[in-house]
Structure formats: C-alpha cells, structure tokens
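Taken together, the values in this text are just the output of simple stated rules run on the coordinates, not laboratory data. These numbers come from a predicted model, not from an experiment. Neighbour counts run over all protein chains shown; Cβ positions are idealised from the backbone, glycine included.
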Amino acid sequence: MVKAVVGANWGDEGKGKITDMLAREADIIVRFQGGANAGHTIVNDYGKFALHTLPSGCFYGHTTSVIGNGVALNIPVLFEEIQNIVDRGVPMPKILVSNRAQMVMPYHILFDQYEEERLGGKSFGSTKSGIAPFYSDKYAKIGFQVSELFDEDLLREKAVRICETKNVLLEHLYHKPLLDPEELLETLHQYREMVEPYVCDVSSYLWNALRDGKDILLEGQLGTLKDPDHGIYPMVTSSSTLAAYGAIGAGIPPYEIRKVIVVCKAYSSAVGAGAFVSEIFGDEADELRRRGGDGGEYGATTGRPRRMGWFDCVASKYGCRLQGATDVAFTVLDVLGYLDEIPVCVGYEIDGEVTTEFPVTAKLEKAKPVYRTLPGWKEDIRGIRNYGELPENCRNYVEFVEKQIGFPITMVSNGPGRDDIIYR
Ligand code: GDP
C-alpha cells in the first residue's frame, strides 16, 4: 500500500513530523520531487534535525530511504546530511538513490544566484539552491542523470558541450567567470564515487516491494500552492508538489497511491514572494511567528522569518482538492492556545464579489480576505491524546475548518513530537 504525505498550502505545514510519525509503520519512504531548497524539521528521540534531502523516515532502523527520480539531487548535501545524522548517534540509514535521478551541479547554484542578482527587486525569492536552473536543464535535456556518471565517454563529451552553452550566458549575460570542462568532469567523478554504493533501479525495486506487500510512504516537499501548474505561478517551485506526481517521481503506478494525507497547518505561513491573502503584519504577526512551529516560524534552510497569516479556508480547500485528500492532518493547533479570538479566512473578496474558489494569480493579487472570528480556547492542549478531551472551542475550531474545506480531518497534531497526535 502506498500513502502520500503532501502539503495543502505554501509548505512548512509539518509534513516532516507526520511522515516521521507514519514511518513507524512503513517499510520504505520515498522523496519524489524537489531538492535541498526546503527543509523538514523533525523532533525525535535522537534530537532535533533539519533535513533537506533525506526522507524523514531515515531515523528508523527498519525503513529504507529512497531518493526518487523526480528529485533534484544535490550529492554533497545528501552526504553532509547522512554524516550529520550519523555523527549525532543515528544508525546509518539504508539509502537508495534512483539511477534516473538527475543531479544539481555547482553551476546550477551559481546560475540561481546570478539570476537573482540580475533580477534585483523583481526576483522570485529563490532559496538559491539551484533548483530552477536544475529543472530548466532537465526539461531542456541537458541535465546529468546519475546513470550517466558510469559512462565515461558520454560524461566527457557532455561536460564539454554543456560548458560551451553555459559559458555563452556566463560571459555575455552575467559577466562571470567561465566553466572549465576538466573541472566539471572532476566534480562528476567525485559525485560518482560518493553515490555509487547507493545507486538503484528504484522503479523496479518499488514494483517488487509492492508485490511483496510492503508499505511505502511518498514524502512531498512544499505544498499545492507552490505547484508549477496549480499553484501561484510564477511564485512557485519548479517541480510538481502534488501527490499525483508521486507516481512519476518515484516510478510507481498511479493506482497504487491509496491514501493521500494532506498536511494543513492550523494557521498560515509562507516563504518567498507572492500573494498571501490572509497575511498579517506587525505585532500580531510577530507574536504568532515567535510562538509558531517548534521554536518559531523561521525557514529550516535559510533561517528567513516566514510570512504569517490566519488559516485560509479558500486556499486550503483548493489545496486539499488538488492533492486529492483522503485524510487531512491538521497540525500545530497547540500554538493557537494563546489567542482570545481566532480569525479564519472564509472567502476572498475580488472586485466586490465574494468567492470561496481559489482564483488564478492575477485575480489572487486583488483578493481581500473575508474573516469569521471564532472564540479561542486559552489553554495548553499539548499532551492531550483523545479528541473528546480537547476544549470545546478548540474542537469547534477544528470542526469549523473541516466543514469549510470539505475534507475529513482525521489527525490533529498538538506538538512537534512523534506522539503528539490525536486520531479522530
Ligand atoms: P514541513 O516542511 O512541512 O515538514 O514543515 P517544517 O518542518 O518546515 O515546519 C513545521 C514546524 O512545526 C517544525 O518546526 C515542526 O517541528 C513543528 N511542528 C510540526 N507539528 C507541530 C505541532 O503539532 N505543534 C507544534 N508546536 N509544532 C509542530
């Protein structure tokens, strides 16, 4: 059975925690898209970890962690991450890397930086991890696939050819130092050495695992609103964040994905630029940011303060629909316990009309939030394990949101740890 864990919104919904928790009963955890541009924060018996590339299940001895073909694989980052967790006492995880995954090259990271510099104030708020240049090259068919590392003639020819193309831009558009094919080849050799022990025909491995009745978790990065097709284009990421893409980015049949667990945070946060209708500012935002998540809402990769907002039913309903939610995991509810009243965005007013349908970007820019204010519960709800024991106003908040979004909230997360979960 395959379950996907994906985000409903702008990312940072707490997918890492939910994956880590569900991994207890899984055999294989697969990353199927994205790169080291976003992070998951996980708190478990070994401590607190920020992962960017490794699947969140890598802390269990019984699981295999898989980097699927859809991932933007940054080999040095992967190795640093493995080293870092092993140094902190976590047993060496079992890792498999798809022979069809493509690699983020040092020049992708440079081009990301150069392009942000060139765009100045008009930039897309890139994390400068090379993700957009990487996926551009993948679809322009000039990316390096892991399997190609083992074909020396191909590698040599391609290194020369790619430097030629890249150097035109480096010289004439960015006025930056040129790439040297020998140096690039050297880097590719290093990557080959690092990745060789883990290379695997992942789609075949997963096919056999499914035949053997194994439980597989697909772990998404970011959320629906960052999807290049269905998100807030162009302020999106470069690979699909949808559960449907899990089939492609892992190489499994789409009908095998039986459960889609959509993670939705009890308030909103976003990083980078782009319309954010229920955004709040000033002291109100600072307080929520400071209290949010586990130790504040700051980017796991960049440390950037996240933009904060009230829960957005319009965006979340859309986010759950596009993911095809069978279950919603409603997270970080404990954080809201300090509020007397909690505004919830229930509609968007666009050109004088109120809608509950999430619009295209040009209209989204004009949307104003329509709020309903619910009473707070003014209680610390951490440690509660039964839904019925939550304060009444807290349950009312969950049930109000569930009705607005139209998908079942089957899990409520009330703390960052593995066991901080209430099943409904
Ligand atoms: P992800 O990228 O979707 O995995 O999300 P992040 O890891 O970036 O952000 C989620 C943050 O919230 C992390 O710091 C988690 O430890 C924390 N977190 C997850 N679930 C809960 C929860 O229910 N309550 C609290 N207080 N923190 C949580």
Within the stretch 5-22, of all residues that are part of a loop (DSSP other than H, G, I, E, B) and near the ligand (Cβ under 6 Å from one of its atoms), the one surrounded by the fewest Cβ atoms within 10 Å (Cβ to Cβ) is Gly14
In the set Glu287, Glu279, Glu297, the lone residue that is closer than 29 Å to Gly337 by Cβ, within 23 Å of the chain's Cα centre (by Cα) and surrounded by fewer than 22 Cβ atoms within 10 Å (Cβ to Cβ) is Glu279
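Scan the strands (runs of 3 or more DSSP E) fully inside the stretch 256-311 and keep the ones with 1 or more residues being among the β-branched types (Val, Ile, Thr) and within 14 Å of the ligand (Cβ to nearest atom).
Values: elements: 257-265, 268-270, 307-309.
It comes to 257-265.
Here are Leu119, Leu54, Leu155, Leu96: which of them is surrounded by fewer than 23 Cβ atoms within 10 Å (Cβ to Cβ) and touching a Leu at 6+ places or on another chain (Cβ under 8 Å)? I'd like the intermediate steps shown before the answer.
Details: Leu119 fails: touching a Leu at 6+ places or on another chain (Cβ under 8 Å); Leu54 fails: surrounded by fewer than 23 Cβ atoms within 10 Å (Cβ to Cβ); Leu96 fails: touching a Leu at 6+ places or on another chain (Cβ under 8 Å).
Leu155 is the lone residue from the list that is surrounded by fewer than 23 Cβ atoms within 10 Å (Cβ to Cβ) and touching a Leu at 6+ places or on another chain (Cβ under 8 Å).
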Filtering the stretch 48-67 for residues that are closer than 17 Å to Glu80 by Cβ, more than 10 Å from the ligand (Cβ to nearest atom) and not in a loop (DSSP other than H, G, I, E, B) leaves a count of 2
Per the filter on the stretch 24-47, residues within 16 Å of the ligand (Cβ to nearest atom), under 24 Å from Ser239 (Cα atoms) and not in a loop (DSSP other than H, G, I, E, B) are Ile29, Val30, Arg31, His40, Thr41, Ile42
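Which ones in the stretch 319-347 are among the small types (Gly, Ala, Ser), more than 13 Å from the ligand (Cβ to nearest atom) and surrounded by fewer than 24 Cβ atoms within 10 Å (Cβ to Cβ)?
Going residue by residue through the stretch 319-347, those that are among the small types (Gly, Ala, Ser) are 319, 324-325, 329, 337, 347.
Applying the additional criterion that residues be more than 13 Å from the ligand (Cβ to nearest atom) yields 324-325, 347.
If the condition is that a residue be among the small types (Gly, Ala, Ser), more than 13 Å from the ligand (Cβ to nearest atom) and surrounded by fewer than 24 Cβ atoms within 10 Å (Cβ to Cβ), then Gly324, Gly347 are the ones that fit.
Being among the β-branched types (Val, Ile, Thr) and under 17 Å from the mean Cα position of the chain (by Cα) is the requirement here; does Ile232 meet it?
Working: among the β-branched types (Val, Ile, Thr): yes; under 17 Å from the mean Cα position of the chain (by Cα): yes.
Yes, satisfied.
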